[in-house]
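Working notes, structure below.
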Amino acid sequence: LRSYAYRVGLYIVVMIILIGSKYSKRTEFFLKAAGQNRIPVHFIGWNSIQEGFNYGILQRAAVKIDPPSCKITEFGMMQESLEWYQALLRELGKCSCKYLNTPGAILDVLDKEISKQILQKNNICVTRMLASRPESAAHLLDIMKESRAYSVFIKPVNYSGAAGVAAFRINPSNGRMKMYTSCRLRDGRLYNTKKLYVLEEWKEILDIINKLADLGVIVEKWHPKDVFNGKSYDLRAVYQFGRIEYIVVRQSDGPVTNLHLNNQAADIKELGLSGGIMSGIEEICNKAVSLFDGLRVAGIDVMLDKGSRKPRIIEINGQGDLIYQDIFSENIIYRKQAEFLKSMDTGSLK
């Protein structure tokens, strides 16, 4: 690995590098898309980027960064893995290369507190953040009472894929509580699962909230989502290179719609959304992405308000481009990414 941009006749040949996990669907289908279009890609696994890694080999390359695969379920160990990943992103940010999404942009949208503050400051319609980093369950209940918001979402600041997310409501008249979450407590430790649980026992709920508060969370207002065929839904829109590339509908019997929690996917055409609503979704995604320098590709979770169907951004994921409905069909998202990386002008790097 000596040079990743070199001249062949009158043309600049750009070496494309994918940093990711060897056996992930992301890696498999990005390499497949590139191969079908005869675009060479060099793969570097996260296990190679350890202490002593020569970051100079990335010089003048066009680089895509995928997240490392994580099979850890206990949040204490997940936190250590997350801090390791954030440190590596900061190191990658020092490299003299061109990125599909810069490490800085990935870090900015990974942090839900920072990204939500940026969106709200710029008057983007979002699920409103009521507070950040409550110290305990008691503190959270005080926040809810003060804001008269008795239905909220609790989200760890730095996780994705619904890890640690809890939809929580309390009846202010009788104190009855309900929580929807994939978190479970075992032997005093908090674990992430791939199943959504509905909890109503107050001690268990408050114990989970206390554990989540230790991780650092934001608290958002629980906005009612539009309903289709008796199920609430939201949208995962993959926005890249100035347009929405793909939208998948995520349906659920409850408030948490992530597809890996046994929820149902649907085709956007089934909703029968008007051209005006679709234009509104595109516009809000465009405005949101433009606020993050270095962000070319994003998975954006968008809800439509119940009744009005007004689009509202839930959150942005700088590595949220894996859509199974696409990779097992046309694989257009990754094909266009490979083509974009091939076209990048790395020769302008100093």
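The values are calculated or read from the model by the stated rules, or taken from the named source; none is laboratory data. As the structure is a computational prediction, the values presented were derived from the model and not from experiment. Note: areas computed on protein heavy atoms with side chains; ligands, DNA, RNA excluded. Shrake-Rupley method; radii C 1.70, N 1.55, O 1.52, S 1.80 Å.
Points to keep in mind about this one:
- Heavy-atom accessible area for CYS70, with the other protein chains in place and a 1.4 Å probe, reaches approximately 70 Å².
- In this structure SER343 has an accessible area near 80 Å², from a 1.4 Å probe over the protein heavy atoms.
- Accessible surface, per residue, of the chain when the full set of protein chains is kept, probe 1.4 Å, Å²: 48 Å²
- Structure-based [θ]222 nm, the chain - -39500 (n - 2.57) summed over DSSP H runs of at least 4, per residue, nearest 500: -9000 deg cm²/dmol
- Probe 1.4 Å, all protein chains present, accessible-area order of GLU135, GLU113, largest first: GLU135, GLU113
- Put MET278, MET144 in order of accessible area, highest first, and with a 1.4 Å probe you get MET278, MET144.
- Computed accessible area, LYS94, all protein chains, 1.4 angstrom probe, square angstrom: 150 Å²
- With every protein chain in place and a 1.4 angstrom probe, the accessible-area ranking of PHE29, PHE241, largest first, reads PHE241, PHE29.
- The chain, relative contact order [Cα under 8 Å, separation at least 6], %: 20 percent
- When the square roots of the Cα gyration tensor eigenvalues are ordered a ≥ b ≥ c, the ratio a/c for the range 113-243 is under 1.5, which makes its shape rounded.
- Cα centroid separation - the range 304-337 against the range 135-155, whole Å: 30 Å
- Averaging the Cα positions of each part gives two centres, and for the range 211-262 and the range 12-71 these lie 28 Å apart.
- Pairwise Lys count, the range 3-121 - Cα closer than 19 Å, eight or more residues apart or different chains: 9
- In degrees, nearest ten, helix 332-343 long axis to first principal axis of the chain (Cα): 40 degrees
- Per-atom-type breakdown for the chain gives carbon and sulfur 48% of the accessible area (1.4 Å probe, protein chains only).
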